[in-house]
Structure formats: structure tokens, C-alpha cells
Amino acid sequence: MGNERRSAIEHLHWLGIALITLGVAAVLAPVVAGSALVMVIGFILLIAGIVPIVRELKAEASKEKTIGLTLGIITALAGIAIIGHPLFGLAFLTLLLVGYFVVEGVWKIVVSFQYMPATGSKWLLASGVLSLVLGLLIWNQWPVSGMWAVGVLVGVNLLGTGLALVTLASTLNRSPDRGA
């Protein structure tokens, strides 16, 4: 096996282990993980608001300048509000997740019935029911669910991605060198 390929496989392996570690930490401390995610979103919004404000202040006067400035200010203020009140941001993000899971669940259920005789349509139906139930469970406990839902879901995602990368690296390590 070539050194470049071996190095790439090692990177995949260690990235997978790092993601597994972060995933476990997020599941064990969901409030911290959710708050950290909300803070990142807050800073992204703040930067996304400052950039057009600076750009529009340098531009010549026009109707578009007013609109760009207004949108930049609103975006920056949203970022500041989220950074200043991360639990509010976490509660709002949780509501967005509820909406996503409910809409995704209903969509999967409807689509699964359209493909019902096909193999695998029952898996799509089960996935849709699971998404719908998850959305409704989070909604039923909202706003308290904001304290755990985002962190746990991010943690499970990181854990799953990390396991997939470690498995992929292990499989690539055992496979013969192709094209290298």
C-alpha cells in the first residue's frame, strides 16, 4: 500500500475517532453541545450581518443600500440576540427541528404509500413514522426539550459519522491497493 494512501486511511481513522469522542461528549452533555452549536450559529449570523453593513456603508446612496443595510442590521442583531441569550436560541432551534422532523415524517409516509408494493417502501414508512414521532415527542416537551434535543441529535450524528469513518478506514486498510 502506498504511503499517501496509508496516510489518507490513517487520517480517516483518526477523524472518525475524534468524531466518535465528540459525539459521545455531546450525548453526555447535550446542553453544552446544543449551546455551543447555538453560539456558532450566533457568530455566523453576526458576521453575516456585519459584512453587508460594511459593504453598504461604503457603497453610494441608493434604494438597494437601504435594503442591504436593513437586512445586515437585522441579521447582526439576530446574531447578537442568540449570543446574548443562547438558551433562547436553543429553544428556537429546537422548534425548527420539530418542524423539520414533522414535515420530513409526513413526506416520507406519503411517499412510502406511493411506492408501497416496492421492496423497501416499508423501511421508508418506518423512517417516516420515526421522524414524525420524534418531532412530536420533542414538541410535547418543548421548551424543556431544547435543553437536550439539539445536543443529543448532534451527538448521535457525530457518533454515527465517526463510526462510519472508522469502519471505512478499516475496510480500506484491508482492501488491496487499487490504482496507487
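Read the figures in this text as sums done on the coordinates, not as results from a lab. Here the structure is a predicted model, which means the values were calculated and not measured. Because the Cβ atoms are built from the backbone with ideal geometry, glycine has one as well, and the counts that use them run over all protein chains shown.
The convex hull of the Cα atoms of the stretch 26-122, projected and averaged over all directions, covers 9.8 nm². For the stretch 6-61, the square roots of the Cα gyration tensor eigenvalues, ordered a ≥ b ≥ c, give a/c of at least 1.5 with a/b no greater than b/c, which places it in the oblate category. On the principal axes of its alpha carbon atoms, the stretch 91-180 extends 52, 39, 15 Å, with the longest extent given first.
Magnitude of the charge dipole for the chain, about its Cα centre and with charges confined to Cβ atoms of Lys, Arg (+1) and Asp, Glu (-1), is about 200 debye. Volume per residue of the convex hull around the Cα atoms, evaluated for the chain, comes out as 210 Å³. Annotation: extensible slack from residue 118 through residue 54 equals 17.5 nm (criterion: 0.36 nm per residue apart, minus Cα-Cα distance).
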